[in-house]
1. Would you mind listing how long segment 53-169 runs along its three principal axes, going by Cα atoms, in whole Å with the largest first?
2. With a sphere of radius 14 Å drawn around the Cβ of LYS199, what net charge do the other residues whose Cβ falls strictly inside it have (Lys, Arg +1; Asp, Glu -1)?
3. How much length is gained if the chain between HIS23 and ARG229 is pulled fully straight, taking 0.36 nm per residue apart and subtracting their Cα-Cα distance, in nm to one decimal?
4. In which sequence would LYS222, LYS176 go, from the one with the fewest C-beta neighbours within 10 Å to the one with the most?
5. Between exposed GluC sites (Glu not before Pro) in the chain, where DSSP calls loop and at most 12 other Cβ atoms lie within 10 Å, what's the longest gap?
6. Hey, which lysines would be in cross-link range of LYS176, C-alpha to C-alpha under 27 Å, not counting anything within fewer than 8 residues on its own chain?
7. Largest first and in whole Å, give the semi-axes of the chain's equivalent ellipsoid, each being the square root of 5 times a Cα gyration tensor eigenvalue.
8. Using only helices, what value at 222 nm comes out for the chain when you add -39,500 (n - 2.57) per DSSP H run of length 4 or more and divide by the total residues, to the nearest 500 deg cm²/dmol?
Amino acid sequence: MGYAAQVRAAAAEERLYVHPSLHKTGHYQIMPPSGTGPAGVMVFFHGSGAGSAYAAQMELLAGAAKAYNLAVVALEAPDHAVSWAADLPRIGALNTEYVRDLLATTVFGPHPSWSSERTVFVGYSAGSTFLSGDFLPDAVEHFRGGAVLLCGGGMPLNSTKQNTAPLGASVRQHFKMYYVIQTGDFLFNQATAGFNLWKSRGLKVAGESPAGGSHCGFDLGKALRDGLRYVFSS
């Protein structure tokens with residue numbers, strides 16, 4: 001391992017977060033910003049199965065984040081679960097609370113110069129499903145930036161007036177969402193439903209649907225760069 005890679009690895013040392021009231025625990029890694037200009041944050045949510053190694057893509061994420069001077073935060077699903085996607089709405093709500101508190105305590109609190117006004121949430125497969133259907137319906141009003149949802153996404157398991165109503169003007173202006181999923185992916189219909197719901201709520205939503213039937217069978221790096229370009233476009 002070269003010196004630069006050693007420095008990056010040390011900067012992204014694995015840590016453990018224990019939620020004080022939920023008693024949920026999970027590992028996370030943080031890689032500081034390495035670009036220039038105002039700093040922001042990219043938060044990554046892993047997939048399930050073969051995609052459940054939560055920090056496996058740190059180098060790829062950091063490479064894409066550098067152009068926008070984003071810190072990279074990779075989160076393991078609470079209690080070391082193999083997936084962020086929850087079958088029960090209550091689990092999704094608890095995981096959402098866990099994430100919001102972890103970010104406040106370990107990311108934005110200790111690093112006040114890392115702006116929540118420049119936050120991008122990135123999901124992969126089940127991580128995208130959690131973001132689109134659980135976390136963002138509850139938390140989108142509290143952030144500015146956007147989300148890049150790769151080969152996943154969906155609607156809230158329990159649709160309510162609150163999580164299906166039109167969003168406030170500030171969110172519609174300052175938060176964007178970008179989907180990438182192949183037309184033959186088994187999650188395509190689910191992701192399309194999520195796409196249409198967010199668009200109906202007034203959010204700026206775009207994306208790509210390349211041909212192909214495999215799950216997540218596209219260039220992850222290119223898709224992420226395309227999504228970041230959309231989120232940060234004027």
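None of the figures in this text is laboratory data; all of them are computed from the coordinates on show. Fair warning: this is a prediction, and the values are worked out from it, not measured in the lab. Every residue, glycine among them, receives a Cβ derived from its backbone with ideal geometry; neighbour counts consider all protein chains shown.
1. Reported extents, whole Å, longest axis first: 37, 35, 26.
2. +4
3. On the way: separation 206, 0.36 × 206 = 74.16 nm, distance 3.74 nm.
Computed gain between HIS23 and ARG229 is 70.4 nm.
4. Values: LYS222 12, LYS176 22.
Fewest to most other Cβ atoms nearby, the residues stand as LYS222, LYS176.
5. By the stated rule (loop sites, at most 12 other Cβ atoms within 10 Å), 15-234.
6. LYS66, LYS161, LYS199, LYS204, LYS222
7. Over the Cα atoms of the chain, the semi-axes work out to 24, 20, 19 Å.
8. Details: 9 runs with 75 residues, N = 234.
Only helices count here, giving -9000 deg cm²/dmol.
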